[in-house]
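A short write-up of the structure that comes next.
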């Protein structure tokens, strides 16, 4: 494990951004203090050839110039969308930036993905990032103390653990927005060749701005049914209601497989949902094309602060928000 200067922000302080490199067994992971970004994950294919399987940029300027894909970033205070950029909480209405059409997306105009986090070693193969989100940041109530720990475990396992506490009630929904291409980050289309399984029999139906209507649609007989592994295909930006339900230990809920390289990614999580996004919005001047990456964003459901029937995302003083997602890497013939 080592840390190095990755660059400086173009602000008046010249805020430094550091990169942490974690290495264990045959896996190398790089994490940035800017946005908590998972910059790269290098691992071998079935024949031992190593490639980076995460879409990212070689330098800081790439992330500053192209922020909207949220490549590899920690997003919050609320991942995904909140309808109309507003939500009620304890008989008060809170207003957020409408940075995705009429809706709020991924924490606002300057969410957690655009902040520099403090960093410290976590054991021999991990890094713990932390920051304080002050009361009122991007319109959210409460002073939120939040940490994200990346730990590289034996056998090709990357564990991401989130924790947060607050001094006032506030919604919290954190995730990592990595795009995976198991053939290699620059190998072209992932959705055209990768196979996917998701253990979710329902999706949250959405309107034309991708806000849930409240209906949970059965995937049986539809293009949304990934309960048996099959080619991904394009055209997905949908939240899957995971069969495992809410809470408890991290449970395996998805598998992504690239038959060409043999690389396999399994995803386990404590969260009740996962957003499948097939990067259809990628276009120029990004150096990636639509479909080059598959995002599997573990999360609570979109717009939960406005939906009493969805699992609650409200954290109150005295509570500890905890969430965990575990990525296991491997290969098969």
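The values are calculated or read from the model by the stated rules, or taken from the named source; none is laboratory data. The model shown is predicted, which means the values in this text are computed figures rather than measured ones. Cβ placement follows ideal geometry from the backbone for every residue including glycine, while neighbour counts extend to all protein chains displayed.
Has the stretch 8-21 got at least one residue that is under 17 Å from the mean Cα position of the chain (by Cα), farther than 22 Å from residue 163 by Cβ, crowded, with 16+ Cβ neighbours inside 10 Å and at pLDDT 95 or above?
Start the filter on the stretch 8-21 by keeping residues that are under 17 Å from the mean Cα position of the chain (by Cα), which leaves none.
There is no residue in the stretch 8-21 that is under 17 Å from the mean Cα position of the chain (by Cα), farther than 22 Å from residue 163 by Cβ, crowded, with 16+ Cβ neighbours inside 10 Å and at pLDDT 95 or above.
Got at least one residue in the stretch 305-320 being buried (at least 23 other Cβ atoms within 10 Å of the Cβ) and within 24 Å of residue 233 (Cβ to Cβ)?
Within the stretch 305-320, not a single residue is buried (at least 23 other Cβ atoms within 10 Å of the Cβ) and within 24 Å of residue 233 (Cβ to Cβ).
Please give the number of the condition residue 292 fails out of (1) over 18 Å from residue 73 (Cα atoms); (2) at pLDDT 95 or above; (3) not in a strand (DSSP E or B).
With respect to (1) over 18 Å from residue 73 (Cα atoms); (2) at pLDDT 95 or above; (3) not in a strand (DSSP E or B), residue 292 is out only on (1).
Just to check your reading of the model, which residue among 174, 182 is under 18 Å from residue 304 (Cβ atoms), under 17 Å from the mean Cα position of the chain (by Cα) and touching a residue at least 60 places away in the same chain (Cβ under 8 Å)? Quick ask: steps written out before the conclusion?
Working: 182 fails: under 18 Å from residue 304 (Cβ atoms).
Going through 174, 182 in turn, just one is under 18 Å from residue 304 (Cβ atoms), under 17 Å from the mean Cα position of the chain (by Cα) and touching a residue at least 60 places away in the same chain (Cβ under 8 Å): 174.
Exactly one condition in (1) touching a strand residue (DSSP E or B) at 6+ places or on another chain (Cβ under 9 Å); (2) touching a residue at least 12 places away in the same chain (Cβ under 8 Å) is false for residue 290; which is it?
Among (1) touching a strand residue (DSSP E or B) at 6+ places or on another chain (Cβ under 9 Å); (2) touching a residue at least 12 places away in the same chain (Cβ under 8 Å), residue 290 violates only (1).
Please pick out the residue among 301, 282 that is in a loop (DSSP other than H, G, I, E, B), within 30 Å of residue 49 (Cβ to Cβ) and touching a residue at least 24 places away in the same chain (Cβ under 8 Å). Outline the logic, then answer.
Working: 301 fails: within 30 Å of residue 49 (Cβ to Cβ).
When all the criteria are applied, what remains is 282.
If only one of 205, 268 is assigned to a strand (DSSP E or B) and within 20 Å of residue 54 (Cα to Cα), which one is it?
Working: 205 fails: within 20 Å of residue 54 (Cα to Cα).
Matching residue, one of 205, 268: 268.
Got a sec? Which of 215, 255 is over 30 Å from residue 57 (Cβ atoms), touching a strand residue (DSSP E or B) at 6+ places or on another chain (Cβ under 8 Å) and part of a strand (DSSP E or B)? Before you say what the answer is, go through the steps one by one.
Numbers: 255 fails: over 30 Å from residue 57 (Cβ atoms).
The conditions single out 215.
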